[in-house]
1. Val68 - would you say it is more than 12 Å from ligand 1 (Cβ to nearest atom), open to solvent by 10 Å² or more (accessible area, probe 1.4 Å) and in contact with a helix residue (DSSP H, G or I) (Cβ under 7 Å, 6 or more places away or on another chain)?
2. Got a sec? Which of Leu121, Leu90, Leu84 is of a type in the set (A, V, I, L, M, F, W, C), in a loop (DSSP other than H, G, I, E, B) and on the phi < 0 side of the Ramachandran plot?
3. If I filter the stretch 66-74 for residues that are farther than 19 Å from Ile211 by Cβ and of a type in the set (D, E, K, R), do I get at least one hit?
4. Among the residues of the stretch 7-27, write down those that are open to solvent by 90 Å² or more (accessible area, probe 1.4 Å) and out of contact with any helix residue (DSSP H, G or I) (no Cβ under 7 Å at 6 or more places or on another chain).
5. Taking the condition of a type in the set (Lys, Arg), under 21 Å from Gln296 (Cβ atoms) and either away from ligand 1 (no atom under 13 Å from the Cβ) or open to solvent by 10 Å² or more (accessible area, probe 1.4 Å) (or both), does Arg203 pass?
6. Criterion first (open to solvent by less than 30 Å² (accessible area, probe 1.4 Å), in contact (Cβ under 8 Å) with a residue 60 or more places away in the chain and either among the charged types (D, E, K, R) or more than 15 Å from ligand 1 (Cβ to nearest atom) (or both)) does Glu115 satisfy it?
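The values are calculated or read from the model by the stated rules, or taken from the named source; none is laboratory data. Remember, predicted model here, so these are calculated numbers, not experimental data. So basically every Cβ, Gly included, is an ideal-geometry build from the backbone, and we count neighbours across all protein chains shown. Heads up: the accessible areas ignore ligands, DNA and RNA and are worked out on the full protein's heavy atoms, side chains in. Shrake-Rupley method; radii C 1.70, N 1.55, O 1.52, S 1.80 Å.
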Amino acid sequence: MHSLSPEKIEMFKSLESWAEESILPFLRPVEKCWQPQDYLPEPSSESFYDEVRELRKRAECLPDDYFVCLVGDMITEEALPTYLTMLNTLDGTRDETGASPSPWAVWGRAWTAEENRHGDLLNKYLYLTGRVDMKQIEKTIQYLIGSGMDPQTENNPYLGFIYTSFQERATAISHGNTARHAKDHGDHKLATVCGLIAADEKRHENAYTRIVEKLFEIDPEGAMLGLEDMMRKKISMPAHLMYDGQDKNLFEHFSLVAQRTGVYTAKDYAGILEHLVKRWNVESITGLSARAQKAQDFVCGLPPRILRLEERAQSRVKKGPKTGAFSWIFNREVAL
Ligand SMILES: [Fe+2]
Ligand SMILES: [Fe+2]
């Protein structure tokens with residue numbers, strides 16, 4: 001579906017110089033970026049084996065349910081081709097050539113290049129711990145990239161940038177929590193790794209929310225209806241189609257572990273919306289049509305409703321199986 005009108009496509013074209021000045025500065029020059037190798041044992045060094053032994057020693061303190069969350073987060077990062085594809089479905093901002101100089105396209109490519117470090121670092125780190133079944137993880141990544149995702153953004157950059165605002169914050173929260181938990185368990189180096197990634201996600205969130213803020217400024221009606229639309233559809237998680245060749249409900253099971261361990265919870269989902277509503281001053285936007293005012297009321301009243309619905313869903317979940325086996329950790333069982 002192409003729900004963006006030709007006039008609005010023109011509007012995005014006319015925002016190019018704004019995007020150049022206001023959005024591209026959120027990127028960091030390659031030379032100033034950390035690279036995965038900065039936080040991994042150096043394979044050309046004499047001390048490589050010792051560094052690996054130390055890494056593995058530190059990882060001994062991490063429980064299986066921690067690994068399930070970290071692996072799920074890593075797999076989500078590794079499906080990066082899907083997310084660039086998604087950005088390039090958006091009318092008015094897509095990369096028309098693959099190397100287009102449009103600032104929207106420059107952003108998409110450079111954002112991807114920054115994100116690419118996340119999966120690389122987590123993948124190599126997890127490999128070196130020796131605690132996870134790399135082949136099962138690799139199969140899950142291949143399945144997931146093959147399946148793609150359906151964020152229901154209709155080739156529409158209003159919906160697309162609302163989606164990415166939400167998702168970057170969701171990943172910042174999730175990586176922030178795996179950092180905190182690594183520290184609690186005693187693996188300070190892994191805490192640093194997850195924290196670095198969380199900081200990138202935060203910076204990306206700031207860029208995407210800045211775009212949507214601009215849309216609220218120049219077209220409050222369209223932005224309000226877009227936000228309502230995305231929230232009615234619910235923000236699907238980027239890895240919602242994950243499969244490892246064994247567990248048909250793998251994403252659901254991974255989500256239950258993330259929920260139970262507090263890596264990413266229903267409360268976080270509601271909290272993100274609450275934050276975005278404040279960030280974009282949704283409550284105080286005026287000059288809206290009756291239709292958009294209804295959308296405004298709906299969105300502003302949604303966070304507490306999501307929490308109530310989730311509490312009910314959680315109590316249903318608790319009646320299900322108490323543990324689940326994950327192929328990622330050699331079919332060991334963890335509490336759901
Ligand atoms: Fe990421
Ligand atoms: Fe991200």
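1. For Val68, the condition - more than 12 Å from ligand 1 (Cβ to nearest atom), open to solvent by 10 Å² or more (accessible area, probe 1.4 Å) and in contact with a helix residue (DSSP H, G or I) (Cβ under 7 Å, 6 or more places away or on another chain) - is not met.
2. Within the list Leu121, Leu90, Leu84, the selection yields Leu90.
3. yes
4. Here is the first cut: in the stretch 7-27, the residues open to solvent by 90 Å² or more (accessible area, probe 1.4 Å) are 7, 10, 20-21.
Hits for the stretch 7-27 are Glu7, Glu10, Glu21.
5. no
6. yes
Conditions tested, residue by residue: (1) in contact (Cβ under 8 Å) with a residue 40 or more places away in the chain; (2) within 14 Å of ligand 2 (Cβ to nearest atom); (3) of a type in the set (S, T, N, Q).
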residue	(1), (2), (3)
Ala191	no, no, no
Lys202	no, yes, no
Thr209	yes, yes, yes
Glu221	yes, no, no
Glu228	yes, no, no
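Listed here are the residues, each with its yes/no results for (1) polar (S, T, N, Q); (2) surrounded by 14 or more Cβ atoms within 10 Å (Cβ to Cβ); (3) assigned to a loop (DSSP other than H, G, I, E, B).
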site	(1), (2), (3)
Lys278	no, no, no
Gly287	no, no, yes
Phe298	no, yes, no
Ile306	no, yes, no
Ser315	yes, no, no
